[in-house]
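First comes the structure, then the notes that go with it.
The values are calculated or read from the model by the stated rules, or taken from the named source; none is laboratory data. Remember, predicted model here, so these are calculated numbers, not experimental data. Cβ placement follows ideal geometry from the backbone for every residue including glycine, while neighbour counts extend to all protein chains displayed.
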């Protein structure tokens, strides 16, 4: 089966945007619940959340100081924020629309309903039940993944989609860990205080990791939390798991054998995987957690641009002098 | 809800005759609809609209930046065409497309019809759809026009007339298929009882026909559908047809001419394309052959096409034959090439470049519909009986200034079909666009077509861009239930 570069690109981004919307919804929801438990520090928990998304400059320009209302507005509905849930779902749908004949009708219809749900919510003035709304978004994302897995060939296009989703998820998990860890670190001095497990629990909940962590490690321990979110190979939101899965999809796309590579994207992904395979918590803390997370994020970004160069922006000698560029109106 | 009290108001109604009795084949439908529980029809109408919205069966509206997608309004009362009427339409449409294809081939090659004085040379050359780069082209099997959607109307006399030939990129067939799907879901029992001819095999027939066009020697042809992109008003249809045929949907940026062949950019490098079902206008296909400023096109495409290394459906240049001025000559064109009288007539047409016709038109503007020959979609029209004196004066000026660009036709009392309006039925005017596939083994007419309906009370404009909607069109089988219904109604039921 042949696959158009444009279609591969749309599959990849469609999945990245859905994943991004889900992550933002979970960040907001976890933060919201945490602030309900500790009312006095509520106001200063929203700015760090904005920082997680990397859009703090735009936020400052549009809203100034962060509070609960404007942070939720910005992260969930703001059309000017390209990474708001609304913008992500809209972009996902636009991508799906451009490959509607390639994906299954079930995928399209589910995503279209998802978009209509978002669109209706965006028109409402106030949200009485924010929790239900964010749960709906997470559910819609999970439903989409399930429908995709059970209605579409697990061929090249499906693998491009999963590659996109895994890179996005790895990126988001490193970000939430990076931002939250250093805010929460001071509280390590008074471990055992009543808020301690609430704060660290919220970090785990931001990655849907609370229950799975508890089963594996029991007690809340900041180092163990880092190990779990970064290096676990079976928890689906752990960075290591994401990169393992991304690598499987990459090999399926290129046809390369395990441990080999065919192009720069595959090579970089393989290097990152090897690093995570053999990383230990001690080494990471010796190097500095922030530095390590920063390096991982940079690698994920570089893999993303290599995927673009290798698969989406095919460079060929044209019969005509100039290569036509797709107009992205 | 019942049909009792439904008034045909003196118009030809597709479902009821002048006395208010069901027409042949329609009685079963009416009986079943009348038998539904109170408010059941409204409930099903609402459910079908929600289904269309969730399925994303929408079209884009250009002049509205808030809501850029709308569902094409759909009415759940089907239009019924009995088998005997359909048989005549089918023969007439095949005859017409055969003659028009001969005309296009002739115009770009020998030009016999011009030399024999049947159609004036300047009229052909000045047609908006005439393409100089097509002169001398010899498309595979001599077929230029592979896919056609002809607009028919039924007038007050009960006769069908051809209103317009759409020979470039006719759209709407996806709505025919989706409307049918919705109707089968909404009224499975009614549908089953009525014995309706199927339309679902259209995509298979389209694919078969496109594959036949592949250049000589190509064993497993790569067929693609070419769309201008997601912002095109018919994007849903492009993507739907590609999906139903199982072929790639491409945009201009996906295609490139490489070493004398048309290729597409894939994740594994370049792949050759053999047949392109293009849903993009001639002007935007190849900036080297047509409009140089086109951003959508593939430079060098026409060279490859001329050498027979890629097939295009429809061929470029077919628009010369659906020009509204050329339209006036179609009866003569049929006679010239086939030696036959037209089976379906043209709407009587006054050509403003003929002195007698122009005089008549200018004297009778209040009774006529005046159309600019280069406009479509219901734009550039004057509907005489609904016009103001100022509008008529303006059109009179325009006609005198540029007679070549105007035709006029009598205002037709288009036939009507009941539509659901809140809690009762009202008659609305309709047209009918059947679809014709023209392959090397002859033409095929899809039994059905798009029935477009003017949803505004009294309106004659059915175009979706001007507030029109659509209905499913049920062409009945010659035998079975419909035949039984025929005899029943003759028995005076």
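A few remarks follow.
- Positions within region B:280-303 being more than 9 Å from chain A (Cβ to nearest Cβ) and either touching a helix residue (DSSP H, G or I) at 6+ places or on another chain (Cβ under 9 Å) or crowded, with 23+ Cβ neighbours inside 10 Å (or both), in sequence order: B:280, B:281, B:282, B:284, B:285, B:286, B:289, B:290, B:291, B:294, B:301, B:302
- Residue within region A:242-260 that is within 16 Å of residue A:211 (Cα to Cα) and out of contact with any strand residue (DSSP E or B) (no Cβ under 6 Å at 6 or more places or on another chain) present: no
- No other residue among A:300, A:310, A:226 is modelled with pLDDT under 95, buried (at least 16 other Cβ atoms within 10 Å of the Cβ), part of a helix (DSSP H, G or I) and more than 14 Å from chain B (Cβ to nearest Cβ) apart from A:226.
- In region A:96-115, residue surrounded by the most Cβ atoms within 10 Å (Cβ to Cβ) [restricted to those that are free of Cβ contacts under 8 Å to residues at least 60 places away in the same chain and within 7 Å of another protein chain (Cβ to nearest Cβ)]: A:100
- So residue B:252, is it touching a residue at least 60 places away in the same chain (Cβ under 8 Å) and at the interface with another protein chain (Cβ under 8 Å from one of its Cβ atoms): no
- Scope region B:180-222; condition part of a loop (DSSP other than H, G, I, E, B) and in contact (Cβ under 8 Å) with a residue 60 or more places away in the chain; matching residues: B:187, B:195, B:197, B:198, B:199, B:213, B:214, B:215, B:216
- Residues that are more than 14 Å from chain B (Cβ to nearest Cβ) and without any contact (Cβ under 8 Å) to a residue 40 or more places away in the chain, drawn from region A:1-40: A:35, A:36, A:39, A:40
- Residue check, residue A:93 within 14 Å of chain B (Cβ to nearest Cβ), touching a helix residue (DSSP H, G or I) at 6+ places or on another chain (Cβ under 6 Å) and free of Cβ contacts under 8 Å to residues at least 12 places away in the same chain: no
- In the set (1) outside any loop (DSSP other than H, G, I, E, B); (2) modelled with pLDDT under 90, the condition left unmet by residue A:292 is number (2).
- Among the residues of region B:261-274, those identified as outside any strand (DSSP E or B) and at pLDDT below 95 are B:267, B:268.
- Any hit, region A:70-84, residues being in contact with a helix residue (DSSP H, G or I) (Cβ under 8 Å, 6 or more places away or on another chain), within 14 Å of chain B (Cβ to nearest Cβ), buried (at least 23 other Cβ atoms within 10 Å of the Cβ) and modelled with pLDDT of 90 or more: no
- In the set (1) assigned to a helix (DSSP H, G or I); (2) not assigned by TED's automatic domain parsing to the domain that holds residue A:307, the condition left unmet by residue A:163 is number (2).
- Selection status of residue B:307, more than 9 Å from every other protein chain (Cβ to nearest Cβ), more than 30 Å from residue B:201 (Cα to Cα) and under 21 Å from the mean Cα position of the chain (by Cα): no
- Test: residue in region B:127-138 that is at pLDDT below 95, surrounded by fewer than 21 Cβ atoms within 10 Å (Cβ to Cβ) and assigned to a helix (DSSP H, G or I): yes
- Subset of region B:255-279 (residues that are touching a strand residue (DSSP E or B) at 6+ places or on another chain (Cβ under 6 Å), in contact (Cβ under 8 Å) with a residue 40 or more places away in the chain and facing another protein chain (nearest Cβ under 7 Å)): B:256, B:264, B:271
- Flag if residue B:380 is closer than 28 Å to residue B:464 by Cβ, more than 18 Å from the chain's Cα centre (by Cα), buried (at least 19 other Cβ atoms within 10 Å of the Cβ) and modelled with pLDDT under 95: no
- Residue within region A:60-67 that is in contact (Cβ under 8 Å) with a residue 60 or more places away in the chain and not assigned by TED's automatic domain parsing to the domain that holds residue A:160 present: no
Residues are listed down the side, and each one gets a yes or a no for (1) in a loop (DSSP other than H, G, I, E, B); (2) over 30 Å from residue B:408 (Cβ atoms); (3) assigned by TED's automatic domain parsing to the domain that holds residue B:113; (4) modelled with pLDDT under 95:
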position	(1), (2), (3), (4)
B:276	no, yes, yes, no
B:283	no, no, yes, yes
B:289	yes, yes, yes, yes
B:294	yes, yes, yes, yes
B:297	yes, yes, yes, yes
B:304	no, yes, yes, no
B:315	yes, yes, yes, no
B:333	no, no, yes, no
B:353	yes, no, no, yes
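- Look at (1) at pLDDT 90 or above; (2) under 20 Å from the mean Cα position of the chain (by Cα); (3) more than 30 Å from residue B:140 (Cβ to Cβ); (4) surrounded by fewer than 22 Cβ atoms within 10 Å (Cβ to Cβ) and you find that residue B:78 fails only one, number (4).
- For region B:21-59, a tally of residues being in a loop (DSSP other than H, G, I, E, B), at pLDDT 90 or above and more than 27 Å from the chain's Cα centre (by Cα) returns 1.
- Matching residues in region A:176-213 - criterion: being under 20 Å from residue A:299 (Cβ atoms) and either assigned by TED's automatic domain parsing to the domain that holds residue A:16 or modelled with pLDDT of 90 or more (or both): none
- For region B:161-179, taking the residues that are in contact with a helix residue (DSSP H, G or I) (Cβ under 8 Å, 6 or more places away or on another chain) and part of a helix (DSSP H, G or I), the one that is farthest from residue B:49 (Cα to Cα) is identified as B:173.
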